[in-house]
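Asks: Sharing a structure below in structure tokens format, with a few things to ask.
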Amino acid sequence: MELEIERELMEANSPSPPDIGESQFEKMLGEAMTSIDGLMLVTVTDSDRVPVIREALAVFHEPRFEEALIDKCYDAFDDIRKLHVGSSDIMTLFYGAMQVVQFRVGPYYGTIVCDFITNMGMVHNLVSRIRDFLKVLSSISKDSERSRDGDAG
């Protein structure tokens, strides 16, 4: 699976055809939004809290709630790191009538919001696919940073 995503991303970096890896990933997210009943929001931000990925139902327009969830995600993973209680990378939470899954891969933090009747097995499968994509993206970012550092030195 990781090799397939890496190949798609490498093709996306080539001049022809443009953005094939990204468009296939976006297509997968779009399909998930329509096929997983109750899925309302999928968002991934980088370490500076800049959105990298965002898919949401048109009815989900709660910017303050979304911002608060993202802040809590950063805080929770930071607290886990400070407490040295293990290396948790995925959390599933209940908030009112919603289920929230938050995850971390390298410098990326993700939040998925769905209603209380959503099939969480399908959501965790989606999280796994997103995490595979982000692992490849992280390794590409690290490689490009190393090559820049090597060019500067």
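The values are calculated or read from the model by the stated rules, or taken from the named source; none is laboratory data. Quantities reported herein were computed from a predicted structural model and do not represent experimental measurements. Using ideal geometry, Cβ is built from the backbone for each residue, glycine included, and neighbour counts are taken over all protein chains shown. Note: areas computed on protein heavy atoms with side chains; ligands, DNA, RNA excluded. Shrake-Rupley method; radii C 1.70, N 1.55, O 1.52, S 1.80 Å.
Asks: Taking a label point 7 Å from the Cα of residue 67 along the Cα→Cβ vector, which residues of region 104-123 have an amide N closer than 18 Å to it?
Replies: Zone members listed by number: 111.
Asks: Could I ask something else about it? Put 61, 124 in order of accessible area, largest first, 1.4 Å probe: what do you get?
Replies: 61, 124
Asks: At a 1.4 Å probe radius, which order do 132, 37 fall into by accessible area, largest first?
Replies: 37, 132
Asks: Diagonalise the Cα gyration tensor of region 49-104 and give the resulting equivalent ellipsoid semi-axes, square root of 5 times each eigenvalue, largest first, whole Å.
Replies: Whole-Å semi-axes of the equivalent ellipsoid: 23, 13, 10.
Asks: Here's a follow-up. Under the definition of Cα pairs under 8 Å and six or more residues apart, what whole-number percent is the relative contact order of region 32-122?
Replies: Once divided by the residue count of region 32-122, the mean separation gives 36 percent.
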